[in-house]
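Encoded as structure tokens, the structure appears first; notes follow it.
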Amino acid sequence: MQRSTIIIVSLLLLLIFPAISLPGSSQDVDIPFWDAAWSYRQELQSPIPTNDSSAQYQPIDLRITFEKPCWTENENNTSIRICSWYKEKWYELESQIYSLKKDTEKPSYITECNVIFLIPTFADGTERYFIYYNDGKTPKPTYLDHVSIDDENYSSSPLPEVSAQAKFYGIKEDGYCVYGVGQEGQLLDRSCSQVVVKQKKGTKVFDLIESDQIVSFAFSYYYGSKEKDESASDQVFIGKKIFVDGNLMVEFGIMSESKKKDVQTTAIYKYYYNPLDEKRLNVHVAHEMLKDATVQGIDNIDGRFGSIIAIKSRSASVDSLNFGQIYPYLDFYGENDKIDQYQLNQNPASKDREWIVSFKDDATLGKEAWLSYGEGKEGKANAVLFASNQGLVTSGTDERDGIQIKAAEKEYVNFLGTEVDYVSINFGRHSYKPGYSHDITIPSNLVVQFDAEVFASDTGGYTAVQKESHLYQTLVKSRQLSGDIPFEREQKRYNVTVIPRFGGAHLTYPWLSNRTGGAFPVMWIELTHEGRVIAEGPANRSLLLRAKKTFSDILEGEYLVKVYLKRGNTTKRFTGSTILHLDKDKKVKVFCTWERTIKFTFLDQYGQGIPGIHGWLTNKDGVLYDENITQNNGELLVKAPYDLKDPYTLRAEYKDFIIYDKELRQSITKLNEQVSIQLYNFSVIVTDSLDLPPGVELTPLLVTSISNRTIQLTPEASQQGHFTFEGVPAGDYNLQISYGDFIDDMHVTVPTAGNIIRMKFSAMFDLTLDLYDSKGNTLLDNNIEFVIVRDNQTLAKTKEKTLSLPPAQYTINAYLKDEHIGLKQVKLTNDKHLMFVTTVDSIFPLVLSLAFSVLFGFFVVLTLLKKFSFSSLLKCLAILLVILSFFQPWWLFIGSSTTPPAEKITAMYVNPATMIETRTYYGEISLNIAEMPDIFIMFLAAIVPLASLACLCLVLGILSKRMQKKNYALLLTIGGVILLGILLSSFYLGTTKLTETSIGAVQGERLLIIPIGSEEILMHSSWGFSIGFYLVCIAVIIAVSSLMLDIRIRIMQKKKLLSLRNQVQK
């Protein structure tokens, strides 16, 4: 007994005497006042370490409660100053205050405010920061106003397909435009509310061409397969407000919603002054669904929270159309705690979205929660950083928390040397998890809120992004929004003090651990909300006082207080907990015991551990205490403090099946249980109606309903058309394949269905071939035979122009009398009309030209026989030339290359109004109808009617002259000539405008880079007006000559008649 007493006393003395012997710090007393005119100061603690250069110019935004009276009339007239003490010298730092809380009794004084300052360049971790203030009036601060915000408008339309009309907030820094944030308008084919556009360094006036980074924070999903079937919260502008416009920070909010009024976004943007090249814009986003929605059509856009957008525009000759860049890499910090990388196609060629990252890739952000688009580890990086990868979903039935990445590319325009490409990297709902079904249901009670930072670095790559993420996730905790209704509901904040009792609290002394660096035990306190740690830290304890920890500025709400007995970084035991309802400043006592370890081992029928079982440990009130997931050994380990009155409840799920949900038996320290589950594996072989593996991506689903819950299991794809379901519990299921409007369903019973199940994929689509000859005229020949090829296998030979085929990629070859006349590749994913241009030359233009030539010959004979006037013959020749021009190209582009052997010929016709592209690449010829702006197609379509009207005037003029109605004949001829002149000048001006925005000039010759497929080839190119245009020019000259001849004849006839009259009078 005596020996035990000695040991206990010795331990107590060991803990007590170091605290007595070490004197308190006198550093604060030794630091002189910055200025004797100021009465008070309080020391500020930087939320981040400042001994690294990446901390320089980081904005520090702190909420300050003043201990003494602080004179401040408003944000600009205040006694507040921020100073730094460094190497025995004071430095005044530029600062800004906002969100003032006035003293209710003294309106010229404040009790709280937010203060902003930047970490100075001299910071090395040894500097200290103080806020100075006075109880009387002081001079105003004279800091430069570095940042400003203005309402602005923007309009640009270099191409009909590339246009922007927008109202936006423009953020300027020291006179230069750094960001524009869209309020309403259009960018390309998208609305631009909530779109952030960063400008290049040195930009004075906002311009899309000077964009360096584009990020959207609009919520979006598709309810159909067409581009117009998108519901996005950037479509309708609701409201805006500027909250703060200070010298170091501006803050503003924008509200917008979808056209369907089913989703609304509120975003509050905050920009802090930063004189360095790296820029950052902070945003708090709240997405709110107002109606239930189901994703259809484009299933990869299944509820995105936002996106990084890249536009690359290239023109062979117009410099103003050369802007933007598609970078090669997408990097992000994955949930496997490593950096994942995807490579992007820097020259996409598909008019449809090509998904580089789809929902099936399960590209989910990990705890560092950042994604970077750029040049990789070093170089350019455009990034979005999140405060956390958890806690975004604040409401939503059956919604998974987290952030999932999808990425797509497409080609918008590729016309006459002008190409516009587009990349969209979406971050959004955690809609898919391997082994589970794709969640395409968006509930009406879904609310998503998150804090994010838009970050850009020219040289740092994702390495700089990762460093910035560490700093941002720390700094954002100390920041708050100005906000007000309706932009942000005011949430009250309180202080809470946690006092642990028993459980080893009397044996902890954190001061000793901090002083010595030794692994002495401390009481570690955590505040958690919905499973996420909100605040944490060690309990402070002095010699004579109990251990306690105070957390400041905690949002009101329900929290679980967790107490751990912690030693170093390796030992952490869960010893106590309590539920906290925080609605005012509180002190809460937590009675601690010891940690109880609960281990469940889940095994299959073969005694093998089952990975992927998710377990939740809750108390009797349903509050989550711990959760875990089994690994390959099948062990599920959860921990909680021992509670005599509550043995806890464990709920475990495997692939959405509830496999365990019971109250646990009471145990003192440990509980070990074993659960066995019958699981089965089987394969599904899917073939289409051609007995081939499906030519499109499919995911069979295994569906069952249990207790009003629908469970969907997804397989692993081992090879094309072969799918493997693993670890399926016994039972009745429906095996389903859904593609578009087609649903294939069959009932299966596991395990009696066997190891291999065969299933037919029934989807069929109609492919209608719209045939055209080499000039773009409709081709009606029924003798053309089509050879259908898929995966180098000939499937069919047919003369039918409408084919029913399963969805897949096909190559179609066309033959006429065994002569190859065309080739076309098509990805059949729905009913489609395919424009198939062949090498067939129509005989109709030749026949018509011969007919008119014979007719003209007949008129020549009549003229020689003096039965037909020479001026009328000229009019007939003009008409003939105009008609011949209908069958000739009016404008022609020719480009050729010897290495590699390639040629591109683009011919513009007016009948029909088309542009035919003929590409020859390594001897393989393909013809296509080129895409032209709709307005120009309408213009071309008016050429033939206008020319026909001019020819009709000339014909009527000839007939009128034969009928001796010479006045009418003259007027009709003049009308015909004027119409032809209008036609020529209009075509010249229209073609000039079109080519100026593509290859630079209507006529020319130079080396141009021409895309052929996925390659860009340097070709010697020449272009300009062609035979059709020149034929009409000659026709105008001839018509004018005939008109002049008619006028000359009339003048001579009048002179002769006048001479005869004079002779008669004599």
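Computed from the C-beta positions of L1058 and N967 and an R0 of 22 Å, the FRET efficiency is 0.75 to the nearest 0.05.
Between E278 and N632, what FRET efficiency follows from the Cβ-Cβ distance if R0 is 41 Å, with the result rounded to 0.05? Each step should come with its number before you reach the end.
Numbers: r = 43 Å, r/R0 = 1.05.
Between E278 and N632 the formula returns 0.45.
Counting only lysines at least 8 places from K260 when in the same chain, those with an alpha carbon closer than 18 Å to its own are K226, K228, K291. Across every direction, the projection of the convex hull enclosing the Cα atoms of the range 758-814 has a mean area of 4.8 nm². Need the C-alpha centroid separation for the range 694-715 versus the range 813-860, integer Å. After rounding, the separation between the Cα centres reads 49 Å. Mind grabbing the base-10 log of I(q)/I(0) for the range 738-834 at q = 0.16, 0.24 Å⁻¹? Debye formula, identical points on the C-alpha positions, no solvent, two decimal places. The calculated log intensity ratios at q = 0.16, 0.24 Å⁻¹ are -0.75, -1.30.
Pick out, from F219, T571, A753, the residue whose Cα sits farthest towards the positive end of the charge dipole of the chain, with +1 on the Cβ of Lys and Arg and -1 on the Cβ of Asp and Glu. Sorting the options by dipole projection puts first F219.
Label separation (F502 vs L1018): 8.4 nm, computed from points 7 Å beyond Cα along the C-beta direction. Remark: the range 665-736 is approximated by an ellipsoid whose semi-axes, taken from the C-alpha gyration tensor as √(5λ), come to 36, 14, 10 Å, largest first. The structure shown yields mean projected area of the Cα convex hull in nm², and of the options (1) 46.4; (2) 57.5; (3) 63.5 that calculated value carries the label (3).
Stick to Cα atoms and the Kirkwood definition of Rh, then tell me Rg/Rh for the range 597-671. If you can, show how the numbers build up before the last one.
On the way: Rg = 12.2 Å, Rh = 12.6 Å.
My calculation of the ratio gives 0.97.
Stretching the chain fully between L848 and Y57 yields a gain of 277.0 nm (0.36 nm per residue, less the alpha carbon separation).
Pairs exceeding 19 Å between alpha-carbon atoms, taken from K380/K406; K172/K467; K367/K477; K599/K662: K380/K406; K172/K467. For the range 862-867, 3J(HN,Hα) computed residue by residue from phi via the Karplus equation (6.51, -1.76, 1.60; θ = phi - 60°) reads 4, 5, 5, 7, 6, 9 Hz, glycine and proline entered as x.
Normalising by the residue count of the range 679-760, find the relative contact order in percent from Cα pairs under 8 Å and 6+ residues apart.
Normalised by residue count, the contact order of the range 679-760 is 39 percent.
Here the contact order of the range 19-144, divided by its residue count and restricted to Cα pairs under 8 Å and six or more residues apart, works out to 36 percent.
Think of each Lys and Arg Cβ as +1 and each Asp and Glu Cβ as -1; about the Cα centre, that makes the dipole of the range 856-1008 roughly 1160 debye.
Ranked by the mean number of other Cβ atoms within 10 Å of their residues, highest first, the peptides 331-340, 31-40 come out as 331-340, 31-40. Here the simple spin-label model places points 7 Å from the Cα toward Cβ, and for K226 and T669 these points are separated by 7.1 nm.
Which length gain, in nm to one decimal place, applies between L644 and E1005 when the Cα-Cα distance is subtracted from 0.36 nm times their residue separation?
Fully extending the segment from L644 to E1005 adds 120.9 nm.
Applying the Karplus relation 6.51 cos²θ - 1.76 cosθ + 1.60 with θ = phi - 60° to the range 254-267 yields 3J(HN,Hα) values of 9, 10, 8, 8, 7, 5, 7, 6, 10, 8, 9, 10, 10, 10 Hz, where x marks Gly and Pro.
Which whole-number percent gives the relative contact order of the chain, counting Cα pairs below 8 Å spaced six or more residues apart?
On the way: 2460 pairs, mean separation 64.3, N = 1066.
Relative contact order, the chain: 6 percent.
Can you give me the Cα centroid spacing of the range 334-409 and the range 553-625 in angstrom? Each part's Cα centre sits 31 Å from the other's.
Neighbour counts of C-beta atoms inside 10 Å place S985, S774, S220, S1022 in the sequence S985, S1022, S774, S220, starting with the fewest.
Rg and Dmax of the range 560-629, based on Cα coordinates, read 16.3, 56 Å. Average the reciprocal distances over every distinct pair of alpha-carbons in the range 25-102, invert the result, and give the Kirkwood radius in Å. When all Cα pairs of the range 25-102 are included, the Kirkwood radius is 14.6 Å. Counting beta carbons within 10 Å around each of M835, M523 and listing the fewest first gives the order M835, M523. Among F836, Y810, T798, which residue has its Cα positioned farthest towards the positive end of the charge dipole of the range 765-837, with +1 placed on the Cβ of Lys and Arg, -1 on the Cβ of Asp and Glu, and the dipole taken about the Cα centre? Positive-most Cα among the choices belongs to Y810. In this simple spin-label model, placing a label point 7 Å from the Cα along the Cα-to-Cβ direction at both Q42 and L952 gives a separation of 8.7 nm. Using 0.36 nm per residue and subtracting the Cα-Cα separation, the extra length available between V826 and K338 on full extension is 171.8 nm.
For the pair K584 and E536, what calculated FRET efficiency results from E = 1/(1 + (r/R0)^6), where r is the Cβ-Cβ distance and R0 = 25 Å, to the nearest 0.05? Walk me through the numbers before you get to the answer.
Numbers: r = 22 Å, r/R0 = 0.88.
Between E536 and K584 the formula returns 0.70.
Binning at 5 Å from 0, report for the range 844-1052 what percent of all alpha-carbon pair distances ends up in each bin. Whole-percent P(r) values from 0 Å outward: 1, 7, 13, 17, 15, 13, 10, 8, 6, 5, 3, 2, 1, 0.
For the range 885-985, run through the trypsin sites (Lys or Arg not before Pro) and keep only the ones in DSSP coil with at most 16 other Cβ atoms within 10 Å of their Cβ. Spell out each step's value before the answer.
Details: sites: K904, R919, K961, R962, K965, K966; in loops: K965.
Those that pass, being in a loop and sparsely packed, are K965.
Fewest to most neighbouring Cβ within 10 Å: what's the order for W370, W1023, W85? Kindly include the intermediate steps, with their values, before the conclusion.
Working: W370 26, W1023 23, W85 19.
Arranged by neighbour count, lowest to highest, W370, W1023, W85 become W85, W1023, W370.
Every number in this text was worked out from the coordinates using simple rules, so none of it is lab data. As the structure is a prediction and not an experimental result, all values here were calculated from the model. Note: ideal-geometry Cβ built from the backbone for every residue, glycine included; neighbour counts use all protein chains shown.
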